[in-house]
Amino acid sequence: MATSCIDTRYRRVMLAANEAFNSLDNLISAARLLANLLVMGSGIMVRAFAQAYRQALATASISGSQLLRPIADASKSGVAHETAQNIRRGSKMMAEPEARQVLGITEHSTWEEILQKYDKLFENNAKNGSFYLQSKVHRAKECLEEVYQKKAEGNS
């Protein structure tokens, strides 16, 4: 009887130890999983920062004097070109060719045609478009308004 009591105690101790090892094994697995996630996440972040840094260096490689002269290469990205134009002008004023392109008009369009296009595009974007496009349309009209006012003053 004494041996059976010892056997049951031994079995209980072994079961408890086995459960402890299983929970320890689960804990180690969770730690490995967490470590893998951290390593993968940090690798992704490092690659993203490296790409952003390379892009910043490429953007910074354009010196101030290059930004101040007209950009002849039209193959550059639209954002870089627009940024260079904004620096050259010293404001967020839209360029006349871009304004004409936004409104979809030609150089020979009348002011009435411009206003019709503006009203149509502005209303369409107010109903189901985006605020960004609506503001682009408004800036295009402002730009062309200045151009046409200068033409009117020159003709007077």
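The values are calculated or read from the model by the stated rules, or taken from the named source; none is laboratory data. Note that the structure is a prediction, hence the values are computed from the model and not measured. Neighbour counts run over all protein chains shown; Cβ positions are idealised from the backbone, glycine included.
Results, tabulated for the structure shown:
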read-out	value
Answer from GLU153, GLU142, GLU123, GLU112 - the residue that is in contact (Cβ under 8 Å) with a residue 40 or more places away in the chain and either exposed (fewer than 13 other Cβ atoms within 10 Å of the Cβ) or within 30 Å of THR59 (Cβ to Cβ) (or both)	GLU142
Helices (runs of 4 or more DSSP H) within the range 52-156 that include 1 or more residues at pLDDT 80 or above	96-103, 111-128, 131-155
